[in-house]
1. With a 1.4 Å probe and every protein chain left in place, tell me how much accessible area LEU142 has, in Å² to the nearest 10.
2. Return the FRET efficiency for the residue pair ASN281, GLU206: r is the Cβ-Cβ distance, R0 is 45 Å, and the value is rounded to the nearest 0.05.
3. With label points built 7 Å along Cα→Cβ from the Cα atoms of LEU297 and THR314, find their separation and express it in nm.
4. Would you please give the residues with an amide H less than 5 Å from that of THR362, counting only those at least 5 places away or on a separate chain, with H modeled from the backbone geometry?
5. Roughly how much of GLU386 is accessible, in Å² to the nearest 10, using a 1.4 Å probe?
6. Roughly speaking, what is the stretch gain from SER457 to GLU229, that is 0.36 nm per residue apart minus the C-alpha to C-alpha distance, in nm to one decimal?
7. Give me the extension gain from CYS166 to ARG366: residue separation times 0.36 nm, minus the current Cα-Cα distance, reported in nm with one decimal.
8. Please list, ordered by chain and number, the residues whose modelled amide H lies under 5 Å from the amide H of TRP456; skip anything fewer than 5 residues away on the same chain.
Amino acid sequence: MGGSRTTQGRRFTSNVIPSMVFVMDLLCLVVSVPVAVILYTVSTGLIVVPGVHTAAGFIAGVAFFLIRQSRGVYSQSFVLLQSGDTAVALDYLVSALLSSAIVWQFGLVDEFSRGLTLAYVGSATGSLFVSRFVLRVALRRLADGGRIRQRVVLYGADQDTVERTCRMLDLQALPQLLLVGVADDYSRPTAPGSLGNLPFIGGFPELLAMAREGEVDQVLIALSDMTRERIDLIIEKLSDVAIDVSLIPREAIALAPDYRVNFVGQIPVLTLWQRQMRDGNTIVKDVEDFVVATLALVFLAPLLLLTALAIKLTSRGPVIFRQPRFGFNNREIMVWKFRSMYTDRQDVSGAARTTRDDPRVTPVGRWIRKLSIDELPQLWNVLRGEMSIVGPRPHATHMKVGDHYYFDAVRGYGARHRVKPGITGLAQVRGLRGEIHTIERAKRRVELDRYYIDNWSLGLDLRIMVETIVNLAFDKNAY
C-alpha cells in the first residue's frame with residue numbers, strides 16, 4: 001500500500017499544506033493591488049499616487065499575517081481547510097481597520113483615497129474568502145492523486161486500538177493521510193497478514209527497514225502498556241531515520257471524540273469539558289441581552305399594560321406570578337411571569353404539570369400562555385442579569401417527567417445550567433415547547449440545550465429569536 005510506489009513524480013507530505021496556505025494568502029494580497037488600481041482608475045478617471053497607500057497596504061498586510069499566525073493557521077494542516085477557514089476575510093478587515101487607524105493617527109487622511117482603499121480592501125477580502133474554496137478543491141485533488149500524501153504506520157497497537165483509530169480518522173475525512181499498516185512486536189494478527197483493517201507489516205525491525213527505504217513518513221506510537229524504557233528505545237532507533245514520530249496517549253483513543261486538545265503552557269492536555277461562553281463571548285451575550293430586553297420592553301409596553309389589566313379585571317390575585325427555578329450554575333432564581341392560573345390553584349413548586357384544558361388556567365391565561373405573553377415579564381429577569389433572551393428554559397425546582405424529577409430522569413441534565421437560562425431556546429423552536437411527558441422528549445430537550453451551549457454564536461441566537469416569533473402562531477404544544 002506504499003504511496004511512493006504507485007505515484008509518479010514528486011510527492012509531498014501534509015506538512016507542505018500550511019506553506020501553501022501562506023503563499024495563497026500572500027498571492028491574494030499582491031494580486032489585489034493591480035485589481036484595485038484598475039477598478040479605481042476606471043471608475044474615477046484619477047491617477048493613483050502611491051505614497052501613503054503603499055505604507056497603509058504594507059501595515060495591513062503585516063497585521064493580517066500576525067493575526068493569522070497567532071491563530072495557528074500556518075501551523076495546521078488539511079483540517080483547517082476542512083472546516084472552511086472563512087474567518088480569513090474577517091481577519092483582513094480587522095487588519096485594514098488597524099491600518100486606517102494608524103493613517104488617521106498620523107494625520108495623513110487628506111492624502112488617503114477612500115475610494116482606492118475600499119477597492120483594495122474589497123478585492124483582498126473577496127479573493128481571500130474565495131481562495132479557501134479553491135484551496136480545498138485543489139488540495140483534495142492533490143491528495144487523491146497522491147501528490148500530497150502522509151504515509152503513516154501505527155506501532156504498538158492492538159486490534160481494538162487500530163479499529164478505534166481508523167474510525168476517528170475516517171470521521172475526519174483526511175484524504176492526504178494513508179495508513180500503510182500496523183507494526184508491533186507482541187500483538188499478532190487474527191487473520192494472516194492483517195490486524196484490524198490494516199496490513200500487518202511485522203515488528204520493529206521491519207518498521208525500521210521501511211523507514212530507511214523511505215516508505216514511511218510518520219510513525220504513530222500507541223501507548224497502551226508500553227514501559228518508559230521501551231518507548232525511549234523505540235524513539236532512539238527511529239531518530240536515526242528521516243520520519244516524524246508521534247505518540248497517541250491511551251486516553252486519546254478511549255475518550256474519543258469527547259475532548260479537545262489544548263495547552264497549559266507547553267503541556268498538552270485533553271480538555272473534556274470547556275465553557276463556550278467566556279471572555280469576549282460573555283460580553284457579546286450580555287450586550288445582546290441588554291439591548292434586546294430594553295427594546296422589547298419599550299415596544300411591548302402597551303401589550304404588557306393591556307395584559308396586566310386583563311388579568312386584574314378577570315380574576316383575583318396579583319398580576320405577576322413568581323416561581324423559584326434553576327438558574328446559572330444550578331443556583332435558584334425567582335422567575336417572573338404573568339399569572340395565568342387561579343390564585344388558589346397555583347403550584348409554586350412546579351411539581352404538578354400543566355396539561356391541555358387544565359382547569360387551573362384562567363380564560364385570559366389560556367390566551368397569554370398560547371402566545372407566550374405570560375413569559376414577557378422575564379425581560380426584567382434578563383435586565384437583572386439572572387436570565388438571557390436565548391438559552392435553555394429554566395425549570396421549576398420540583399419539575400417532573402413521568403414519576404421522576406427532571407434532574408434524576410435525564411443523565412447530564414445539570415450541564416444545561418452552564419449558561420444563564422433563556423426566555424426562549426433551541427429546544428423550544430425545535431418542537432419541544434410546553435409539556436414534556438416522556439423521558440424520550442426530556443432527553444431530546446436536554447440534548448438540544450447542550451448542543452446550543454457547545455455551539456453558541458450570535459448568529460444562532462438571532463436565528464432562534466426569529467424562529468420563536470414565526471413559531472408562535474403555529475405551535476400546538478403550548479397551553
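1. 60
2. Values: r = 50 Å, r/R0 = 1.12.
About 0.35, to the nearest 0.05.
3. Computed distance between label sites LEU297 and THR314 equals 2.6 nm.
4. MET341, TYR342
5. 40
6. Details: separation 228, 0.36 × 228 = 82.08 nm, distance 4.74 nm.
Length gained, SER457 through GLU229: 77.3 nm.
7. Roughly 66.5 nm would be gained on extension.
8. The answer is none.
The values are calculated or read from the model by the stated rules, or taken from the named source; none is laboratory data. Please read all numbers here as calculations on a predicted model, not as lab measurements. Please note: Cβ atoms are built from the backbone with ideal geometry, for glycine as well, and neighbour counts cover all protein chains shown. Just the protein is used for accessible areas: all its heavy atoms, side chains included, with ligands, DNA and RNA removed. Shrake-Rupley method; radii C 1.70, N 1.55, O 1.52, S 1.80 Å.
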